[in-house]
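Q: There's a structure below that I have some questions on.
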Number of protein chains: 2
Amino acid sequence: MQLDTPMPIIDMDVVEANLRRAQQICESAGVACWPHIKTHKSTELAGRQIALGAAGLTCQKLGEAEVMADAGLGPLLISTNVLGVAKHRRLAALHQRVNLTVSCDNATVARDLDTAIRSSEDASKPLPVLVECDTGRHRCGVTSPPAVADLAQLIHSLPGLSFAGLLIYPPNGSEAVAATREFVAEVRRLCAERDLEVGIISSGGTPNLALAGQSGETAYRSGTSIFNDRQMIALGAARPEDCALFVYASVVSHPEPGRIMLDAGSKTLTSDLAGFTDHGLLPDYPQARLVRFAEEHGFVDVSDCDEVPAIGEIVRILPNHVCPVVNLFDEITTVRGGRIVGKLTIDARGRNN
Amino acid sequence: MQLDTPMPIIDMDVVEANLRRAQQICESAGVACWPHIKTHKSTELAGRQIALGAAGLTCQKLGEAEVMADAGLGPLLISTNVLGVAKHRRLAALHQRVNLTVSCDNATVARDLDTAIRSSEDASKPLPVLVECDTGRHRCGVTSPPAVADLAQLIHSLPGLSFAGLLIYPPNGSEAVAATREFVAEVRRLCAERDLEVGIISSGGTPNLALAGQSGETAYRSGTSIFNDRQMIALGAARPEDCALFVYASVVSHPEPGRIMLDAGSKTLTSDLAGFTDHGLLPDYPQARLVRFAEEHGFVDVSDCDEVPAIGEIVRILPNHVCPVVNLFDEITTVRGGRIVGKLTIDARGRNN
């Protein structure tokens with residue numbers, strides 16, 4: 001097999017096992033599986049997730065959701081704040097043609113969503129909205145249960161929207177998951193006082209997938225679990241054999257002792273360190289360190305290696321963070337049983353608005 | 001103007017001024033202008049560079065060069081080691097249809113290039129090869145003048161290749177440029193002893209563009225100068241008004257005092273810090289710091305800001321390093337005189353092999 005490097009390759013046998021595992025974890029926990037498509041950005045893989053029993057698909061962006069809907073896939077959840085006049089028509093159109101839920105964490109976005117739906121041609125069907133809660137990750141999200149209940153009340157009062165529940169994303173680990181359960185219970189109590197029904201509680205994240213259900217969620221979003229990566233291994237969320245995507249690169253130079261150069265750099269593997277101090281793992285040369293990137297060059301420190309790969313040799317790299325790597329490619333070669341079987345189209349690649 | 005954020009926008013008036021400036025610097029220095037297309041990856045802009053007087057186009061990858069050739073553009077230089085059986089037919093085919101020069105820094109690549117050319121259907125036309133020299137940047141390149149002369153001799157001896165000269169990429173600053181001049185002079189002397197003609201000396205890099213010619217080069221490759229970025233300003237190679245590409249993002253959340261969230265993260269601006277400790281400059285809020293990215297979230301510390309942009313406001317971000325940002329988009333919106341005029345197709349996007 002002569003690979004035209006640099007080239008990412010996805011092992012579809014590993015993907016299939018990973019998809020079945022995520023589905024089974026959710027089923028065992030009595031939680032609906034809502035895979036996050038931001039990792040694979042592929043309607044083919046999204047279709048496979050639905051076929052295996054996923055209740056719906058989570059998207060991070062309106063553009064991703066449009067691609068999924070175009071392929072006839074749904075129901076869909078958009079798990080970020082969608083905002084802006086330029087998106088009003090797109091959002092309303094998507095709402096008309098697919099079972100859509102969105103999330104929001106502030107009144108400005110809620111009112112903007114309401115305007116988007118009410119100014120559309122068919123404004124009779126309210127858009128279900130989850131209130132995003134911050135239970136310690138400090139990204140987006142409302143930070144206190146009373147403020148969550150206030151936003152739920154506002155959403156309930158807006159004619160274009162319906163309050164559908166909560167979106168949570170607990171920090172990694174069982175303590176944070178348990179603390180989130182308290183937060184959620186308090187929100188439930190406050191909402192009950194106001195006669196607001198908390199229908200859906202959507203939680204997410206591959207690192208906490210094994211704890212699905214333990215924050216009181218009814219649905220679980222996991223993205224990275226389909227491929228896994230070096231970060232998921234470090235977090236204890238995957239084993240090396242659960243990693244489905246590797247980038248193959250050629251050694252193209254050995255310019256000085258202790259250093260070799262690969263034909264893969266930041267335009268192939270991204271500069272996302274994901275908390276590591278080097279740019280990826282070479283599993284077949286564990287003492288080698290991918291210390292630096294130029295756009296099309298990988299700098300590998302091999303000074304601690306017993307064996308140094310020769311110029312011309314092709315090496316495997318496990319990405320630190322697989323999600324932005326996939327987003328660089330329009331197509332990715334696939335293997336099954338160690339043989340190349342085709343190409344996967346990354347049809348939602350680059351759909352970041 | 002209602003922008004559908006996140007969205008990069010290129011000011012074509014600034015691009016035109018930047019292209020003219022680079023061309024004029026080269027002409028004043030008596031050096032052929034060979035713009036590096038790795039920054040813009042667009043045949044439309046490459047064509048404009050040729051129209052303005054560029055002698056040829058530099059590509060970092062075979063795949064980029066194929067896209068340029070498909071658009072009828074050339075001559076072309078590939079400024080990295082091209083290696084591997086999977087590339088032999090592609091390389092030979094490209095050599096047949098366009099005036100092509102490549103570079104190399106080791107004997108394995110030289111022999112592989114020779115095999116590629118000699119195993120092709122029409123093996124009569126040798127492929128011109130530059131020897132890549134390392135004069136202090138410690139990326140690729142042969143590190144001593146005698147070793148450069150040895151590789152030049154080998155290339156000269158291989159029937160599929162012809163030795164065409166040197167590829168240099170001096171470290172930033174006039175001292176390194178002057179030291180490189182010494183290196184080049186020594187190589188010239190050693191090559192003359194062996195009757196090897198050093199025809200082309202190709203130097204490059206936007207930070208040293210103002211010093212074009214001072215290493216003894218005959219040709220200059222600059223890429224980033226077409227758009228510029230925060231890094232080029234920091235290096236003194238560009239003024240703020242020379243920056244042609246900004247990413248526009250919406251404030252979508254203000255989850256806690258001192259922090260706002262943007263709808264642009266690492267899938268829009270990449271994680272390439274380019275030496276900075278934050279992810280981009282907000283020129284209209286200079287006290288704001290883009291401290292962290294998730295894939296679709298930008299975390300902005302606004303605790304030092306006198307004025308904080310409100311939820312719904314659209315802010316401009318100057319990328320730290322523009323090249324990998326462009327590589328995320330299939331098309332980029334263009335403006336002239338402050339008005340949207342169209343879209344630029346990034347047709348060599350993702351062509352990294």
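The values are calculated or read from the model by the stated rules, or taken from the named source; none is laboratory data. Please read these numbers as outputs of a predicted model, since none were measured by experiment. Positions of Cβ are generated from backbone atoms using ideal geometry, with glycine treated the same way; all protein chains shown enter the neighbour counts.
Q: Do the conditions hold for residue B:277, that is, is it β-branched (Val, Ile, Thr) and touching a residue at least 60 places away in the same chain (Cβ under 8 Å)?
A: No.
Q: Here is a further query. Would you please list the contacts, defined by Cβ atoms under 8 Å and residues six or more apart or on different chains, that run from a residue in region A:55-78 that is away from chain B (no Cβ under 14 Å) to a residue that is surrounded by fewer than 20 Cβ atoms within 10 Å (Cβ to Cβ) and assigned to a helix (DSSP H, G or I)?
A: These pairs meet every condition: A:57/A:50; A:69/A:97; A:71/A:47; A:73/A:47; A:73/A:50.
Q: Would you mind stating whether residue B:238 is at the interface with chain A (Cβ under 9 Å from one of its Cβ atoms), assigned to a loop (DSSP other than H, G, I, E, B) and in contact with a helix residue (DSSP H, G or I) (Cβ under 9 Å, 6 or more places away or on another chain)?
A: Values: at the interface with chain A (Cβ under 9 Å from one of its Cβ atoms): no; assigned to a loop (DSSP other than H, G, I, E, B): yes; in contact with a helix residue (DSSP H, G or I) (Cβ under 9 Å, 6 or more places away or on another chain): yes.
No.
Q: A follow-up question, please. Looking at residue A:273, is it more than 14 Å from every other protein chain (Cβ to nearest Cβ) and surrounded by fewer than 21 Cβ atoms within 10 Å (Cβ to Cβ)?
A: On the way: more than 14 Å from every other protein chain (Cβ to nearest Cβ): no; surrounded by fewer than 21 Cβ atoms within 10 Å (Cβ to Cβ): yes.
No: the conditions fail for residue A:273.
Q: Considering only region B:320-340, how many residues are closer than 14 Å to residue A:294 by Cα and either at pLDDT below 95 or among the small types (Gly, Ala, Ser) (or both)?
A: 0
Q: Still on this structure: Do we find a residue being in contact with a His (Cβ under 7 Å, 6 or more places away or on another chain) and among the aromatic types (Phe, Trp, Tyr) anywhere in region B:284-304?
A: Yes, that holds for at least one residue.
Q: Further question: Only one of these conditions is not met by residue B:319: (1) over 28 Å from the mean Cα position of the chain (by Cα); (2) buried (at least 22 other Cβ atoms within 10 Å of the Cβ). Which number is it?
A: For residue B:319, the exception is condition (1).
Q: Keeping to region A:2-52, report how many residues are in contact with a Lys or Arg (Cβ under 8 Å, 6 or more places away or on another chain), surrounded by fewer than 16 Cβ atoms within 10 Å (Cβ to Cβ) and either in a loop (DSSP other than H, G, I, E, B) or basic (Lys, Arg) (or both).
A: Summing the residues that are in contact with a Lys or Arg (Cβ under 8 Å, 6 or more places away or on another chain), surrounded by fewer than 16 Cβ atoms within 10 Å (Cβ to Cβ) and either in a loop (DSSP other than H, G, I, E, B) or basic (Lys, Arg) (or both) in region A:2-52 gives 1.
Q: Also, quick follow-up: Does region B:54-89 hold any residues that are closer than 18 Å to residue B:121 by Cα and surrounded by fewer than 21 Cβ atoms within 10 Å (Cβ to Cβ), and which are they?
A: Correct list: B:85, B:86, B:88, B:89.
A quick yes/no check of all residues on (1) touching a Pro at 6+ places or on another chain (Cβ under 9 Å); (2) in contact (Cβ under 8 Å) with a residue 24 or more places away in the chain:
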| residue | (1), (2) |
| --- | --- |
| B:230 | yes, yes |
| B:239 | no, no |
| B:244 | no, yes |
| B:248 | yes, yes |
| B:251 | yes, yes |
| B:256 | no, no |
| B:259 | no, yes |
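Q: Could you tell me which residue of region B:322-344 is nearest to residue B:298 (Cα to Cα), considering only residues that are crowded, with 16+ Cβ neighbours inside 10 Å and more than 9 Å from every other protein chain (Cβ to nearest Cβ)? So that I can check it myself, show each step before the final result.
A: Just the residues of region B:322-344 that are crowded, with 16+ Cβ neighbours inside 10 Å, to begin with: B:322-329, B:332-335, B:344.
Next cut, more than 9 Å from every other protein chain (Cβ to nearest Cβ) only: B:322, B:325-326, B:332-335, B:344.
Details: B:322: 17, B:325: 15, B:326: 18, B:332: 20, B:333: 21, B:334: 23, B:335: 25, B:344: 25 Å.
The qualifying residue nearest to residue B:298 (Cα to Cα) is B:325.
Q: Considering only residues that are closer than 17 Å to residue A:243 by Cβ and either within 14 Å of chain B (Cβ to nearest Cβ) or touching a Phe, Trp or Tyr at 6+ places or on another chain (Cβ under 9 Å) (or both), which ones fall in region A:279-301?
A: Filtering region A:279-301 down to residues closer than 17 Å to residue A:243 by Cβ leaves A:279-286, A:290.
A:279, A:280, A:283, A:290 - these are the residues of region A:279-301 that are closer than 17 Å to residue A:243 by Cβ and either within 14 Å of chain B (Cβ to nearest Cβ) or touching a Phe, Trp or Tyr at 6+ places or on another chain (Cβ under 9 Å) (or both).
Q: Show the residue pairs meeting these rules: Cβ distance below 6 Å; 6+ apart or different chains; first residue within region A:1-13 and away from chain B (no Cβ under 12 Å); second residue of a type in the set (S, T, N, Q) and buried (at least 17 other Cβ atoms within 10 Å of the Cβ).
A: A:9/A:333; A:10/A:334; A:12/A:334
Q: Here's another thing I want to ask about it. Every residue in region A:254-270 that is in a loop (DSSP other than H, G, I, E, B), within 11 Å of chain B (Cβ to nearest Cβ) and within 23 Å of residue B:104 (Cα to Cα), please.
A: Passing the criteria: A:257, A:263, A:264, A:265.
Q: Find all pairs meeting these conditions: Cβ atoms under 7 angstrom apart; at least six residues apart or on different chains; first residue within region B:280-297 and on the phi > 0 side of the Ramachandran plot and of a type outside the set (Phe, Trp, Tyr); second residue modelled with pLDDT of 95 or more and buried (at least 17 other Cβ atoms within 10 Å of the Cβ).
A: B:280/B:230; B:280/B:269; B:280/B:290; B:280/B:317; B:280/B:318; B:280/B:319; B:280/B:320
Q: Where residues in region B:90-113 are at the interface with chain A (Cβ under 9 Å from one of its Cβ atoms) and in a helix (DSSP H, G or I), which of them is surrounded by the most Cβ atoms within 10 Å (Cβ to Cβ)?
A: Checked region B:90-113; the qualifying residue surrounded by the most Cβ atoms within 10 Å (Cβ to Cβ) is B:109.
Q: Then there is this: Are any of the residues in region B:169-190 within 14 Å of another protein chain (Cβ to nearest Cβ), closer than 17 Å to residue B:212 by Cα and touching a Cys at 6+ places or on another chain (Cβ under 9 Å)?
A: Within region B:169-190, one or more residues are within 14 Å of another protein chain (Cβ to nearest Cβ), closer than 17 Å to residue B:212 by Cα and touching a Cys at 6+ places or on another chain (Cβ under 9 Å).
Q: Which pairs have Cβ atoms under 7 Å, sit 6 or more apart or on different chains, and link a residue in region A:130-148 that is without any contact (Cβ under 8 Å) to a residue 12 or more places away in the chain and facing chain B (nearest Cβ under 10 Å) to one that is surrounded by fewer than 24 Cβ atoms within 10 Å (Cβ to Cβ) and part of a strand (DSSP E or B)?
A: So the pair list comes out as A:143/B:255; A:143/B:256.
Q: So residue A:36 fits all but one of (1) more than 14 Å from every other protein chain (Cβ to nearest Cβ); (2) under 18 Å from the mean Cα position of the chain (by Cα); (3) within 22 Å of residue A:214 (Cβ to Cβ); what number is the exception?
A: Here residue A:36 meets the rest and fails (1).
Q: Of these, B:220, B:248, which one is part of a strand (DSSP E or B) and away from chain A (no Cβ under 14 Å)?
A: None of the other options fit; the residue is B:220.
Q: Among A:157, A:174, A:119, which is surrounded by fewer than 16 Cβ atoms within 10 Å (Cβ to Cβ), under 21 Å from the mean Cα position of the chain (by Cα) and over 23 Å from residue B:264 (Cβ atoms)?
A: Within the list A:157, A:174, A:119, the selection yields A:174.
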